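K.L.:
Would you mind keeping the following structure in view while I ask a few things?
Just so you know, all these numbers are worked out from the coordinates, no wet-lab data involved. Keep in mind the model is a prediction, meaning the values are calculated, not measured. With ideal geometry, Cβ positions are generated from the backbone for all residues, glycine too; neighbour counts draw on all protein chains shown.
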Amino acid sequence: MSRPKDAMNRLRDPEALSFWQRTYVPEILRGLKLTAAHFFRNLLIHIFHLAGLWKDRRGAETVQYPEEVRGYSPRLRSLHRLTKRDDGSPRCVACMMCETICPARCIYIVATEHPDPNIEKRPASFDIDLGKCVFCGFCVEVCPEDAIRMDTHILNFAAYSRQEMVWDINRLLSNEPQRVEGIGEIRKVK
Amino acid sequence: MSLQSFSDRLLSEISEILARYPQPRAALLPILHACQRESGYISRDTETAVAELVGIPAIDVRETVSFYSLLLDKPAGKYHLQFCTNLSCTLLGAEESVAAACRKLGVHPGETTRDNRFTLTTVECLGACDLSPSLQVNDDYYANMSAEKVNELLDKLK
Amino acid sequence: MPTLTIDGQQVTVSKGATIMQAAEALGIYIPRYCYHPGLRVAGSCRMCLVEIEKAPKLDIACYRQAAEGMVVHTTTEPVKLARQSILEFLLSNHPLDCPVCDQSGECDLQNFYMEFGLYQSRFLENKIKRRKAFPIGRHVMLDNERCILCSRCVRFCEEVSRSHELGIVNRGDRSEIALREGSQLDNEYSGNVIDICPVGALTEREFRFQCRVWYLNRAASVCPGCSRGCNIELHYNVNRPHQSGGKRVLRLKPRFNAEVNKWWMCDEGRYGFEFIDAPSRLQDFEIRTAQRTVVASREQAVQTLSDWIGDSIDRHGSQSLGIFLSPKLSNEDLYGIGKFARHVGIDCLDFRNPSERPGYQDDFLIQADKNPNTRGCLELGLYRRSEDSGGWMAGEIQRGKVRVLIVFLQDLALAPEFQQVLGRLERLVFVGSNRNGTAEIASLVVPSATYAEKDGSFTNFEGRAQRFERAVVPLGSAVAEADLVASVAVSFGMQREEFERERLLSDLRREYPFFDQEALNPPELEWVYQTPIGQERL
Amino acid sequence: MLEWAVAAGKVAFSLFVLLNFVMVLTWAERKQSALMQDRIGANRASILGFTLLGLFHPIADAIKMVTKEDFVPQGASRALHTLAPFIALFFALISFAVIPLGDELAVGGCTISLQVIDLNVGILYVFAAMSLGVYGFVLAGWASGNNFSLLGALRASSQMISYEITIGATVVGLIMVFGTASLQTLVRRQGDLLLGFLPGWGVFYQPLGFLLFTTAAMAETKRAPFDLPEGESEIIGYFTEYSGIKFGMFLMTDFTETVVMAGLVVTLFFGGWQFPYLQPDGFHFPGAAVVSISPLAVSIAQVMTFLVKLAVFCWLFLLVRWTFPRFRYDQLMRLGWQMMLPLSILNVLVTGALLLLLHR
């Protein structure tokens, strides 16, 4: 507990710096030593990798997306999907809760009559403009019917036009949930 | 049974009843009883005709008829079994008696047997909690009903 | 005149007043379902139970009369517990389909439950299923599962519309709202049962799924459907246009006015707003020649109109101009037009369309005169007193005296007198909100704003001037009539300021006593049926 | 005629070396920073599926920059806005002309100096070119029509002028030691041994001068930790309003200056093309061991030596750039004026005193 406090005091009080620290030179050399050590270590590992050796040591900590992906957490908020009833129709009853809560105003629902008076209401159209979505997940939390979820783990839905970024009800219904396995594990993708 | 088809006897009885009350509306229940005595139940047409005679909206007569279980809005069999399913009776097992009667007669509550002998209904309180579980068959009360007693009773009535 | 204390505040009320009325006088709101100030007291919902000192148990505020020295508490623990229990009871068979219910957002069951409810439900039994969502009339949809049997609608049909369509049949938990045998709820005032229904049992067929109520904005207005001038609220949706297919004004609700319409309005007026967003709305200035029709800018159109008026005055004098007004115009518009007419010397003015026939009327609200401002036109004197109807102007055109005619809103092409002679005019100018036969043949068409798109006032048949406020912006290039006249009048040496709203109002007040200050105070919105909905914050 | 051809060849060779260094440096910067930060770095650009460790990225960058929109902001001076990057890049490029890549090369009876031009005031030429380069940056900031860019340009000019003084003062000590301002002569004189075994490189005569010069040289290149003039996203620099290839030219200027500065450090303090103990006729190790080598091989070895030294210093500059955070402006000025300038003057005085003592 005491060390960070000392460090803070040293930073605040220039008197606490020693002469060599004040010249900066040894400190600069120490900094260079640290980065240079990383440089040479990683260089060496990469060279070994090229030769097919030391494959279990990583020369770079970064995940090489999209060749490598990490197992996503179940809490991850990814592309939306609309859940279905047993007969395949959307569970959504067009109550507009998600549209109301949405801080980005990216959900557009038009309601219409459902033939079954016990369901009564269904969405005639349900559009999410992913170009506006901020992935806050409020729509999922607010849904009284569990009709919308963000568990597809689909993250690459970029498109070449704004219109293509708008996902309509059919596209949203066609999304499937992703099984969660190996959270944080790095996997090679073929 | 519309107004035209009311018998003269019924009409005269109705006018007699109407004369008894300063407020015509007050005559509604006696008149409905008279109509039910005449034909065994009160049809929708009768309701409309009575409303006309008493001078009140037809929906008021409908409300009245549907409210009282003593007033029937469709024909009943020879024996009208009315099981009380209100609190005291249910606590003492009225539901088993109803189930037994349904099994024996092969009907659901609210239905009439095919031979038109029995009509089975469940009703709210019969005002006979001291006799619960209670059963009313036409104008007679039967006390402390159980599945066996219902079976016995039904055998007797057959 | 008993004096009583409610929640520590003293109030004196007239004899016979109930605790509910006394509390309302103090601004204390007591929750209620069956009580409605416009209907007989039923006392059936028990929601308004209050604690009265020295009384053995809680009593209902809507029925218990105020007495001298009474001490009433509306927020004590027993009262809260009672409300909680009543709500629990009412919800025992109420379906939790708020997500699909059109009432949610303005539902008293929701609102009071949020305030007083028992949040941990103890109800384990199966709810009773009933018939859901079926039409019981031209405008009304019934959902028996949602009904809490407050009987407001039944009493409305008994006491206000006196049509007796509705009743409560059966007993106990089997009770439900039913229609009279072989009838439909289709009286002239059926829409009011939707307003007074505290829950979502009675909903509007026209409004069904058009928009969630929390997206609606409200504006105080006056119904233009007849000369009664019922006070109304315009409910419009501009925040989520996609939900209602681009329609902006979605429903009208009556606004309480003790002297005009109380809490009610007729169906004819309630559903008479379609023209505001109808496809027939005029949105562009059009200049039509024999060959073709061109869309013009506002400046071009105003210039053209000014040129035509100036030209006609130069060549034939101001007698060659005629103006056919409409009793659907507001007082301010009429006055502005009149001011301009006086300035340039036009006296060929009238507003009485000879083809118009009196419509249906009854002894409650509906008036035979289907124009909101006939009385205003009369008071302002914008007609020829020596004639019985506006038909005289056809004669003037026939004789070649009137060469340029400016028609506001009216469809003169429907009147046989005019049909023959409109072709003789040099110029026919039509100013109106919706396309009609006259607009089809006019050489200049000016789109004008409807009552929902401008501020103004109508004078009802009793001579009561009532103000309405703007809800939405004019569609397309539409302009208020007074603005149009102001733009034209500038070319004739008048000041634009003379047509500004405040100036028109003060002039009207000075010149016409009927236009009194009191009635024209800014109208206030008051939610008389339900507890107030949250204002749109999004 | 032949002279002209030789001169053109020398210019071409020199530019070839310089520009290739610049290009590879853009790649090296990414790869080196990646390795230092446990990343992989540029590795996407591919030709026919070959990525070649990301070596195609400079080409991809060039294509991208050339094809991007060349935007001139409203209110900017269009002509000067276009001229500025050319001035900056031009002066950065020409300062390389006096840096010797090797000693003389004798081919077919003809002696060719492996240097574009051997000026007897070579070092001053470099300073002159660099000082003129400042105009490019100031013009860029001013012509952008953006006040923030102008402020960036002012920061750039004051920083560069401040540190040029240190550079100049440091080099004075070196000139005193070697007695020449010609860079080729300077390098030749560094071929003498010090104390009989140590290569006579400037760094051994002027260790403090080396430290000061390197630091100031880094400041001259305007790269981290001295990148205050640029700092595009945070403090807004002089080329904020530039895009496309004109922006690319400023980047190139930076890298060119890095190479030039690295070349200067090598030339002044690390013996330039001198390989330890390598004389024009072969190796002369201490203790009189001699290994003869053909003159052509010696020339090639000299050029390679210079290039390797140059690469090492470029690497060092990148290492520094990716290790230290940026100075605050007051720190920068204090460092320049209150620490480095006095130290460099002290260096001159001490050098002068020592020389006086030794020569007496």
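K.L.:
Evaluate Rg over Rh across region A:71-174, taking Cα atoms for both radii and Kirkwood's formula for Rh.
P.N.:
Expressed as Rg/Rh, it is 0.96.
K.L.:
Residue by residue through region A:166-179, which ³J(HN,Hα) values in whole Hz follow from phi under the Karplus form 6.51 cos²θ - 1.76 cosθ + 1.60 (θ = phi - 60°), with glycine and proline marked x?
P.N.:
8, 9, 8, 4, 5, 5, 5, 6, 7, 6, 10, x, 9, 6
K.L.:
Oh, and also: Normalise the Cα radius of gyration of chain B by 2.2 N^0.38 Å (N = residues in it) and let me know the number.
P.N.:
Details: Rg = 17.5 Å, N = 158, 2.2 N^0.38 = 15.1 Å.
Working it through for chain B, the quotient is 1.16.
K.L.:
If you don't mind, another one. As a footprinting exposure proxy, order B:Glu47, C:Glu274 by other Cβ within 10 Å, with the fewest listed first.
P.N.:
By the 10 Å Cβ count, ascending: C:Glu274, B:Glu47.
K.L.:
For B:Phe83, D:Phe16, which order do you get if you count the other beta carbons within 10 Å of each Cβ and list the fewest first?
P.N.:
Placing the least packed residue first, the sequence is D:Phe16, B:Phe83.
K.L.:
Now, a different point. Hey, in chain B, which Cys have no second cysteine's beta-carbon closer than 4.7 Å?
P.N.:
So far as the 4.7 Å Cβ criterion goes, B:Cys35, B:Cys102, B:Cys125, B:Cys129 stand without a partner in chain B.
K.L.:
So, one more: Eigenvalues of the Cα gyration tensor times 5, then square-rooted: what semi-axes does that give for region D:170-327, in whole angstrom, largest first?
P.N.:
36, 17, 12
K.L.:
Another one. Within 10 Å of each Cβ in peptide A:92-103, how many partner chain Cβ atoms are there on average? Round it to a whole number, please.
P.N.:
4
K.L.:
What aspartates and glutamates does B:Lys156 reach when the alpha-carbon gap must be under 17 Å and sequence neighbours fewer than 8 apart in one chain are set aside?
P.N.:
Within the straight-line cut-off, B:Lys156 pairs with B:Asp115, B:Asp139, B:Asp140, B:Glu148.
K.L.:
Springs between alpha-carbon pairs under 10 angstrom, Gaussian network model over chain D: which of D:Phe204, D:Phe250, D:Phe306 fluctuates most?
P.N.:
Looking only at D:Phe204, D:Phe250, D:Phe306, the largest GNM fluctuation is found for D:Phe204.
K.L.:
Another question, then. For chain A, what does the relative contact order come out to in percent, with C-alpha contacts under 8 Å and a separation of six or more?
P.N.:
Working: 245 pairs, mean separation 49.0, N = 190.
Relative contact order, chain A: 26 percent.
K.L.:
In a shell of Cβ-Cβ distance under 15 Å around A:Asp151, excluding A:Asp151 itself, what net charge do Lys and Arg (+1) and Asp and Glu (-1) give?
P.N.:
Value of the local net charge: +3.
K.L.:
Take the Cα coordinates of region C:311-434, assign each an equal point scatterer, and use the Debye formula without solvent to give log10 I(q)/I(0) at q = 0.11, 0.13, 0.18, 0.22 Å⁻¹.
P.N.:
The computed values of log10 I(q)/I(0) come out as -0.37, -0.51, -0.96, -1.40.
K.L.:
Let me ask you something else. Per residue of chain B, what 222 nm ellipticity follows from adding -39500 (n - 2.57) for every DSSP H run with n ≥ 4, rounded to the nearest 500?
P.N.:
-14000 deg cm²/dmol
K.L.:
Which of the peptides C:244-253, D:134-143, C:382-391 is most tightly packed, and how do the rest follow, judged by the mean count of other Cβ atoms within 10 Å per residue?
P.N.:
In decreasing order of mean packing, C:244-253, D:134-143, C:382-391 become D:134-143, C:244-253, C:382-391.
K.L.:
Pop out the Kirkwood hydrodynamic radius of chain A from its pairwise C-alpha distances, inverse of mean 1/r, in Å to one decimal.
P.N.:
Final number for the Kirkwood radius of chain A is 21.7 Å.
K.L.:
Quick one: Debye curve from the alpha-carbon atoms of region C:173-319 only, equal weights, vacuum; give me log10 I(q)/I(0) at q = 0.15 Å⁻¹ to two decimals.
P.N.:
Evaluating at q = 0.15 Å⁻¹ gives log10 I(q)/I(0) of -0.91.
K.L.:
Per-residue Cβ counts within 10 Å, from other chains only, averaged over D:30-37: what number is that? Write out the running numbers ahead of the final one.
P.N.:
Details: counts 0, 3, 4, 2, 6, 13, 10, 7.
Averaged over the peptide's residues, the number is 6.
K.L.:
Additional query: Under a Cβ-only charge scheme (Lys and Arg +1, Asp and Glu -1), can you give me the dipole magnitude of the protein assembly as shown about the Cα centre, in debye to the nearest 20?
P.N.:
Its charge dipole is roughly 3380 debye.
K.L.:
Take D:Asp330, project a point 7 Å from its Cα along the Cβ direction, then tell me which residues of region A:15-37 have their backbone nitrogen under 20 Å from it.
P.N.:
A:15-17, A:22-24, by backbone N distance to the label point.
K.L.:
Run a plain Debye calculation on chain C (Cα atoms as equal point scatterers, no solvent) and give log10 I(q)/I(0) at q = 0.07, 0.11 Å⁻¹, rounded to two decimals, same order as the q list.
P.N.:
-0.49, -0.99
K.L.:
In µm²/s, what is D for chain D at 10 °C and 1.306 mPa s, where D = kT/(6 pi eta Rh) by Stokes-Einstein and Rh is the Kirkwood radius from Cα pairs?
P.N.:
Taking Rh from Cα pairs, D becomes 73 µm²/s.
K.L.:
What residue among D:Phe269, D:Phe13, D:Phe96 has the largest mean-square fluctuation in a Gaussian network model of chain D, using Cα springs under 10 Å?
P.N.:
Greatest mean-square fluctuation among the candidates belongs to D:Phe13.
K.L.:
Let me ask you something else. Taking each residue of C:95-106 in turn, how many C-beta atoms of other protein chains fall within 10 Å of its C-beta, and what is the average?
P.N.:
4
K.L.:
Compactness ratio of region D:240-360: Cα Rg over 2.2 N^0.38 Å, N = residue count? Can you show the working numbers first?
P.N.:
Working: Rg = 20.6 Å, N = 121, 2.2 N^0.38 = 13.6 Å.
Dividing the Cα radius of gyration by 2.2 N^0.38 Å gives 1.51.
K.L.:
How far apart, in nm, are two points set 7 Å out from the Cα along the Cα-to-Cβ line at A:Leu155 and at C:Glu274?
P.N.:
5.3
K.L.:
Nothing charged except the Cβ atoms of Lys and Arg (+1) and of Asp and Glu (-1): what's the magnitude of the dipole of chain C about its Cα centre? Round to the nearest 20 debye.
P.N.:
1000
K.L.:
Next question, about the same structure. Give a residue-ordered list of calculated ³J(HN,Hα) values for region C:391-401 (Karplus: 6.51 cos²θ - 1.76 cosθ + 1.60, θ = phi - 60°; whole Hz; x for Gly, Pro).
P.N.:
Result, rounded to whole Hz: x, 4, 5, 4, x, 4, 5, 4, 6, x, 7.
K.L.:
Starting from the eigenvalues of the Cα gyration tensor, five times each then square-rooted, give me the equivalent ellipsoid semi-axes of the protein assembly as shown, largest first, whole Å. Don't skip to the end; give the middle numbers.
P.N.:
On the way: eigenvalues 1728, 471, 158 Å².
Sorted largest first and rounded, they come to 93, 49, 28 Å.
K.L.:
Give the residue from D:Gln37, D:Ala311, D:Leu151 lying farthest towards the positive end of the charge dipole for chain D; charges sit on Cβ (+1 for Lys and Arg, -1 for Asp and Glu) and the dipole is referred to the Cα centre.
P.N.:
Most positive-ward Cα: D:Gln37.
K.L.:
Take a quick pass over chain D and tell me how many lysine pairs come in under 23 angstrom between Cα atoms, counting only ones 8 or more apart or on separate chains.
P.N.:
Taking the Cα cut-off of 23 Å, the pair count is 8.
K.L.:
Let me ask something else about it. Of D:Leu212, B:Leu53, D:Thr67, which is farthest towards the positive pole of the protein assembly as shown's charge dipole, taken about the Cα centre with +1 and -1 on the beta-carbons of Lys, Arg and Asp, Glu respectively?
P.N.:
D:Leu212
K.L.:
Another question, then. So what is the relative contact order for chain D, in percent, with contacts set as C-alpha pairs under 8 Å and at least six apart?
P.N.:
With pairs under 8 Å counted, the relative contact order is 21 percent.
K.L.:
Over 19 Å between Cα atoms, which of C:Lys339/C:Lys401; B:Lys104/C:Lys129; C:Lys57/C:Lys80; B:Lys104/B:Lys149 qualify? Let's see the in-between values first.
P.N.:
Values: C:Lys339/C:Lys401 22 Å; B:Lys104/C:Lys129 28 Å; C:Lys57/C:Lys80 14 Å; B:Lys104/B:Lys149 12 Å.
Listed pairs above 19 Å: C:Lys339/C:Lys401; B:Lys104/C:Lys129.
K.L.:
Summing -39500 (n - 2.57) over the DSSP H runs of n ≥ 4 in chain C and dividing by its residue number, what mean residue ellipticity at 222 nm do you reach, to the nearest 500 deg cm²/dmol?
P.N.:
Calculated from helices alone, the mean residue ellipticity at 222 nm is -6500 deg cm²/dmol.
K.L.:
Per the Kirkwood formula on distinct C-alpha pairs, the Rh of region C:77-188 is how many angstrom? It would help to have the intermediate numbers written out before the result.
P.N.:
Values: mean 1/r = 0.0642 Å⁻¹.
The answer is 15.6 Å.
K.L.:
Okay, next question. Could the peptides D:4-10, A:90-96 be put in order, highest first, of the mean number of other beta-carbon atoms found within 10 Å of their residues? Before the final figure, lay out each step's value.
P.N.:
Numbers: D:4-10: 12.0, A:90-96: 22.9.
Result, highest mean first: A:90-96, D:4-10.
K.L.:
Taking amide H atoms as placed 1.01 Å from N in the peptide plane, list the residues 5 or more away in sequence, or in a different chain, whose amide H sits under 5 Å from that of A:Leu79.
P.N.:
Under 5 Å from the amide H of A:Leu79: A:Thr152, A:His153, A:Ile154.
K.L.:
Mean residue ellipticity at 222 nm from the helices of chain D, using -39,500 (n - 2.57) per DSSP H segment of n ≥ 4 over the full residue count, to the nearest 500 deg cm²/dmol?
P.N.:
That comes out to -21000 deg cm²/dmol.
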